[in-house]
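Working notes for the structure below.
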Amino acid sequence: MRTQVCILGAGPAGLLLGHLLRAEGIECVVIERQAPDYVLGRIRAGVLEQVTVSLMERLGLDQRLKAEGLPHDGFNLADGERLIRIDVAGLTGQQVVVYGQTELTRDLMDASEGRGLDVIYEVAEVALHDIDSDAPSVTFVKDGQSRRVDARIVVGCDGFHGPSRRAIPAGAFTEYEREYPFGWLGILADVPPCNHELIYSHHARGFALASMRSHTRSRYYIDVPLSEDIADWPDERVWDELATRLPDEAAAHIVRGPALEKSIAPLRSYVFTPMRHGSLLLAGDAAHIVPPTGAKGLNLAASDVHYAAEALSAFFRHGDGAALAGYAGKALARVWKSERFSWSLTRLMHRFPEDGPFERAMQVAELDYIANSRAAQTSIAENYVGLPA
């Protein structure tokens, strides 16, 4: 099989890039190791920046997003019983939209066949070859048969554990990483949310987040030590802990219900540079991970895809090699700013095991400053709604 672009990974990043390239008349094929149902079963992000919404609008795939997504004008930081509302719309003139990553992926997946996007699911033994040349290829096994895709460009949208990043030779890259000493225990339940906007809560017992996927489906998180076993957290224990960590105003409106999904996810900050090596581009989790505190993971992948689609369009339509060469620099500039915001919000809202009275006093002072400073709130709002792509 021969194509112009071979995309590894059929999550939202890979599918979004595939649709953008097909809209420009660029040939591409997407390869995914998992089955479609497995891809849709990943419970991930739910807050979309304007850059992500705009890409779906541009593709004409925003019908369900507009009908079912929940526009939010702001969100809240809580310290004890105090709610500090960040008026995102008032401070920036923009909104974020709550719409689950699963739903966005479904929209992209359902439109693939009708728009000529070739997606090959359930492949094994994926390997990249000759990425230093102008004629890279990808081999894999499908239904017991060895297959090969020859392309001009390969784009790795295959996540943190995919083969794309590992294909770059040692000595040709630098990794930056910060692992956090806790994870987020998340619970998803078909119950109405306790508040119409997100609440990020800083409490003596630890962090909590009250979020939602719809008017009838809620997503909550608490931070727990990495040594915790999810089996030790029955539903009622999770609900009890949420009721303790959230402000009384929010806790009073918690509706309890059986968990549809419950898991503990570790937190890390990670950046791989450069995001391009020869004929291979990296995008999304293949190149960077952000802690979920800033709601940046999916949105950062979308901005990578925006830059990649622009560069690939210029390269294939106009022979512009400089645009392709400039992809990594453009993408990384936004990556580092998003990493900074996610790291700083994580540091502000969580209690680290090594922290003492001084660190706690600094958190109190910072939250008090935010509560009384329009400038501080504007900075947070600008980053939360998403910096310009």
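For the chain, a Gaussian network of Cα nodes joined below 10 Å ranks TYR176, TYR220, TYR200 by mean-square fluctuation, and the top entry is TYR176.
Can you give the convex hull volume per residue for the Cα atoms of the stretch 230-384, as a whole number of Å³?
Values: hull volume 28.7 nm³, N = 155.
For the stretch 230-384, the hull spanned by Cα atoms encloses 185 Å³ per residue.
Whole-Hz Karplus values for the stretch 193-198 come out as x, 7, 8, 7, 10, 5 Hz, taken residue by residue from phi with 6.51 cos²θ - 1.76 cosθ + 1.60 and θ = phi - 60°; glycine and proline positions read x. Taking every protein chain into account, the accessible area of the stretch 297-381 amounts to 44 square angstrom per residue (probe 1.4 Å). Once all Cα-Cα distances of the stretch 16-67 are split into 10 Å bins that start at 0, what whole-number percent is in each one? The calculated distribution, bin by bin, is 19, 41, 39, 1. Using the alpha-carbon positions of the chain, Rg (one decimal) and Dmax (whole number) come out as 21.2, 64 Å.
Summary of the geometry: the stretch 156-192 and the stretch 250-272, compared by the centres of their Cα atoms, lie 17 Å apart.
For SER379, SER146, SER211, what's the largest-to-smallest order of accessible area, 1.4 Å probe?
Details: SER379 55, SER146 105, SER211 10 Å².
From most exposed to least exposed: SER146, SER379, SER211.
Here the Gaussian network model covers the chain, with springs between Cα atoms less than 10 Å apart; of MET109, MET362, MET56, MET362 fluctuates the most.
Here the stretch 19-46 and the stretch 64-132 have alpha carbon centers that stand 13 Å from each other.
The H on the amide N of VAL98, modeled in the peptide plane, is under 5 Å from the matching H of LEU48, LEU70, HIS72, each at least 5 residues off or on a different chain.
For the chain, modelled as a GNM whose springs connect Cα atoms under 10 angstrom apart, the maximal fluctuation among SER164, SER269, SER344 occurs at SER344. Couplings 3J(HN,Hα) for the stretch 104-113, derived from phi with the Karplus relation 6.51 cos²θ - 1.76 cosθ + 1.60 (θ = phi - 60°), are 4, 4, 4, 4, 5, 5, 5, 8, 4, 4 Hz, where x marks Gly and Pro.
So, with a 1.4 angstrom probe, what is the percent of accessible area on the stretch 13-60 that is carbon and sulfur?
Exposed carbon and sulfur together represent 43 percent of the surface.
Taking amide H atoms as placed 1.01 Å from N in the peptide plane, the amide H of VAL119 lies under 5 Å from those of VAL30, each 5 or more residues away in sequence or on another chain. Scalar couplings 3J(HN,Hα) for the stretch 339-345, obtained by applying the Karplus form with A = 6.51, B = -1.76, C = 1.60 to θ = phi - 60°, are 4, 4, 5, 5, 5, 5, 5 Hz; x denotes Gly and Pro. Carbon-plus-sulfur accessible fraction, the stretch 263-389 (probe radius 1.4 Å, protein heavy atoms only): 58%. A straight Cα-to-Cα reach below 14 Å connects LYS337 with the aspartates and glutamates ASP304, GLU382, residues fewer than 8 places away in its own chain not being considered. The 1.4 Å probe gives accessible areas that order LYS296, LYS330, LYS142, largest first, as LYS330, LYS142, LYS296. So how tilted is helix 374-385 from the main axis of the chain? Cα-based, degrees 0 to 90, rounded to 10. Roughly 40 degrees, rounded to the nearest 10.
Kirkwood Rh and Cα-based Rg: tell me the resulting Rg over Rh for the stretch 275-315, rounded to two decimals.
Details: Rg = 11.3 Å, Rh = 10.9 Å.
Taking Rg over the Kirkwood Rh, I get 1.03.
Bridging of LYS262 to lysines at a Cα separation below 26 Å is possible for LYS296, once same-chain residues fewer than 8 apart are set aside. Close amide-amide hydrogen proximity is noted between ALA78 and ILE84, TYR200, SER201, HIS202, each under 5 Å apart and 5 or more residues distant or on a separate chain (H modeled in the peptide plane; Pro and chain starts excluded).
The values are calculated or read from the model by the stated rules, or taken from the named source; none is laboratory data. The model shown is predicted, which means the values in this text are computed figures rather than measured ones. Calculation scope for accessible area: heavy atoms of the full protein, side chains included, ligands and nucleic acids excluded. Shrake-Rupley method; radii C 1.70, N 1.55, O 1.52, S 1.80 Å.
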